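Read through the structure below, which is laid out as structure tokens, and then see the notes.
Please treat every number below as a calculation from the coordinates, not as lab data. Quick caveat: nothing in here was measured; it's all calculated off a predicted structure. Because the Cβ atoms are built from the backbone with ideal geometry, glycine has one as well, and the counts that use them run over all protein chains shown.
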Amino acid sequence: MRRVEVVPYDSAWSARFEEEADKLKRLFGGTVVEVHHIGSTSVPGLEAKPIIDIMPVVQEIEQVDELVGHMEALGYRSFGEHGIPRRRFFAKGDEVRTFHVHVFEAGDEGVTRHLAFREYLKAFPDVRAEYGDLKRTLAEQHPSDIESYIQGKQEWVSETERVATIWYVAEQTK
């Protein structure tokens, strides 16, 4: 059973991202367009579960299916789409997760949604603090129930993603 642990921001998370992203760039080779640090560990000052979320963006999502064995050799478990169409999801670590990899095809709305959420939390400290408080409260309420933790923040995250995406797209067109 995975424990739900939310910890203060750690500046070492960006270095851990860079190190793992380099491995993934070598693995994905020419199919990778870019690799982003996403999720709470990518937002300075935000409390987070100490799991680094990485988002490789590839030219064609189907090419990733040919690399599952290579990802497994790096210690990842493949979860396929894992509830999000046209995404490939991988996790490293069973009881104690260290990395989540969310692969999307270039142009997929999932790419915009993740980047918008990250940039919105960076740009609006009050929203970032509200999210940190929510995560900390839910982790205290559900220390051994990851599903309840995730469900507890789902409505807040969905609404914030919606607002963040509108803001982000407007910022990109300025």
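Please list, in chain and number order, the residues 5+ apart from Val33 or on another chain whose amide H is under 5 Å from its amide H, with Hs placed from the backbone.
Sorted by chain and number, the residues that satisfy this are Val57, Val58, Gln59.
Shape call for region 47-149 from the C-alpha gyration tensor, a ≥ b ≥ c root eigenvalues: rounded (a/c under 1.5), prolate (a/b greater than b/c) or oblate?
It comes out oblate by the Cα gyration axes.
So if I take the centroid of the Cα atoms in region 133-164 and the same for region 20-64, what is the distance between those two points in Å?
22
Could you give me the ³J(HN,Hα) list for region 113-124, computed from phi with Karplus coefficients 6.51, -1.76, 1.60 and θ = phi - 60°, whole Hz, x at Gly and Pro?
Computed from phi, the couplings for region 113-124 are 4, 5, 5, 4, 4, 4, 5, 5, 5, 5, 7, 10 Hz.
Using modelled backbone amide H atoms (1.01 Å from N, in-plane), which distant-in-sequence or interchain residues come within less than 5 Å of Asp145's amide H?
The list, which skips near neighbours in sequence, is Val4.
Read phi for every residue in region 84-97 and hand back ³J(HN,Hα) as whole Hz from Karplus 6.51 cos²θ - 1.76 cosθ + 1.60, θ = phi - 60°, with x for Gly and Pro.
10, x, 6, 10, 10, 10, 10, 10, 10, x, 8, 6, 10, 6
Got a sec to turn the phi values of region 32-49 into Karplus ³J(HN,Hα) couplings, 6.51 cos²θ - 1.76 cosθ + 1.60 with θ = phi - 60°, whole Hz, x for Gly and Pro?
7, 8, 7, 10, 10, 8, 10, x, 4, 5, 8, 10, x, x, 9, 4, 7, 5
Check the straight Cα-Cα distances from Lys174 and name the aspartates and glutamates below 18 Å, setting aside those fewer than 8 residues away within the same chain.
Glu119
Taking a ≥ b ≥ c as the square roots of the Cα gyration tensor eigenvalues, with a/c under 1.5 meaning rounded and otherwise prolate when a/b beats b/c, else oblate, which class fits the chain?
oblate
List the relative contact order of the chain as a percent without decimals, with contacts defined as Cα pairs under 8 Å and 6+ residues apart.
Relative CO of the chain lands at 23 percent.
Taking H as built 1.01 Å from N, whose amide H comes closer than 5 Å to the amide H of Ile54, not counting residues under 5 places away?
The answer is Ile38, His100, Val101, His102.
Can you classify region 1-57 as rounded, prolate or oblate using the Cα gyration tensor, where a ≥ b ≥ c are the square roots of its eigenvalues, rounded means a/c under 1.5, and otherwise it's prolate if a/b beats b/c and oblate if not?
Judged from the Cα gyration tensor, region 1-57 comes out prolate (a/c at least 1.5, a/b above b/c).
Check region 12-172 and count each lysine pair with an alpha-carbon distance under 27 angstrom, considering only pairs eight or more places apart or from different chains.
Summing the qualifying lysine pairs gives 16.
DSSP loop GluC sites (Glu not before Pro) in region 39-84 with at most 10 other Cβ atoms within 10 Å of their Cβ, which ones?
Loop-located and lightly packed - Glu60, Glu66.
Dipole magnitude of region 12-172 about its Cα centre, charges +1 at Lys/Arg Cβ and -1 at Asp/Glu Cβ only, in debye to the nearest 20?
Charge dipole, region 12-172, about its Cα centre: 280 debye, nearest 20.
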